[in-house]
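Structure record follows, encoded as structure tokens.
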Amino acid sequence: MQQFEAQLAWQRGTQPFLDKRYSRAHSWTFDGGLRVPASSSPLSVAPPMSDPAAVDPEEALVAAVSSCHMLFFLSLAARAGHVVDDYRDHALGTMSKNADGKMAMTRIVLRPAIGFADGTGPDAAQLDALHHAAHAQCYIANSIKADVFIEGSA
């Protein structure tokens, strides 16, 4: 068993609270000491009560799925002899009501664009197989209920 932790900190300060006009800005601190400004999404709570420049939980979930997929893809590509020069993704998460009628992240689409060193790239079938294997091994994708799709590549 492995455990992972994050620390969260929020303070009301001098803001009123019961009128719900308090800042949702807070911070996440991770084991290496990185501190990330976080907030509710401005789509959920309008600024200035949210901080549009901060990372919101919904964005973080989409980024975690994208990052996990990439890390497994890179490992699998290296094992198969494909030299990856760069990997970019423009991931998109969709919130909508789930089967229980509750708001949830129901769909995440990954759109990786991958550059390979000359002569080392996989063919289309191999690339598809690498993405399927990376998705199957991704801890985060295995932990969520949202459908995750991989569109295009190379």
(Q) I need the full set of residues from the stretch 38-60 which are modelled with pLDDT of 95 or more, among the hydroxyl-bearing types (Ser, Thr, Tyr) and within 19 Å of the chain's Cα centre (by Cα), in order please. (A) Ser39, Ser40, Ser41
(Q) Suppose we keep only residues that are among the charged types (D, E, K, R) and over 24 Å from Phe4 (Cβ atoms) within the stretch 104-146. Which one would you say is surrounded by the fewest Cβ atoms within 10 Å (Cβ to Cβ)? (A) Asp118
Q: Only residues that are in a strand (DSSP E or B) and either touching a Pro at 6+ places or on another chain (Cβ under 6 Å) or without any contact (Cβ under 8 Å) to a residue 40 or more places away in the chain (or both): list them for the stretch 116-154, please.
A: Phe116
Q) Checking Ala133 against (1) touching a His at 6+ places or on another chain (Cβ under 9 Å); (2) over 30 Å from Pro16 (Cα atoms), which single condition isn't satisfied? A) (1)
Q) Can you name the condition, by its number, that Gly81 falls short on among (1) surrounded by 16 or more Cβ atoms within 10 Å (Cβ to Cβ); (2) out of contact with any helix residue (DSSP H, G or I) (no Cβ under 7 Å at 6 or more places or on another chain)? A) (1)
Q. Any chance the stretch 45-56 includes a residue that's charged (D, E, K, R), assigned to a loop (DSSP other than H, G, I, E, B) and touching a residue at least 12 places away in the same chain (Cβ under 8 Å)?
A. yes
(Q) I need the full set of residues from the stretch 1-10 which are over 19 Å from the mean Cα position of the chain (by Cα) and in contact (Cβ under 8 Å) with a residue 12 or more places away in the chain, in order please. (A) Ala9, Trp10
**Q.** Test: His69 is modelled with pLDDT of 95 or more and buried (at least 19 other Cβ atoms within 10 Å of the Cβ)
**A.** yes
**Q.** Test result for Ala146, of a type in the set (A, V, I, L, M, F, W, C) and at pLDDT 95 or above
**A.** no
Q.
With the requirement that a residue be open to solvent by 60 Å² or more (accessible area, probe 1.4 Å) and either under 17 Å from Pro52 (Cβ atoms) or not in a strand (DSSP E or B) (or both), what does the stretch 8-30 give you?
A. Trp10, Gln11, Arg12, Thr14, Pro16, Phe17, Leu18, Asp19, Lys20, Arg21
Q | Check on Arg35, more than 30 Å from Gly13 (Cβ to Cβ), surrounded by fewer than 12 Cβ atoms within 10 Å (Cβ to Cβ) and at pLDDT 95 or above | A | no
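The values are calculated or read from the model by the stated rules, or taken from the named source; none is laboratory data. Remember, it's a predicted structure, so these values are computed and weren't measured experimentally. Cβ atoms come from the backbone with ideal geometry, glycine included; neighbour counts cover every protein chain shown. Side chains included, ligands, DNA and RNA excluded: accessible areas come from the protein's heavy atoms. Shrake-Rupley method; radii C 1.70, N 1.55, O 1.52, S 1.80 Å.
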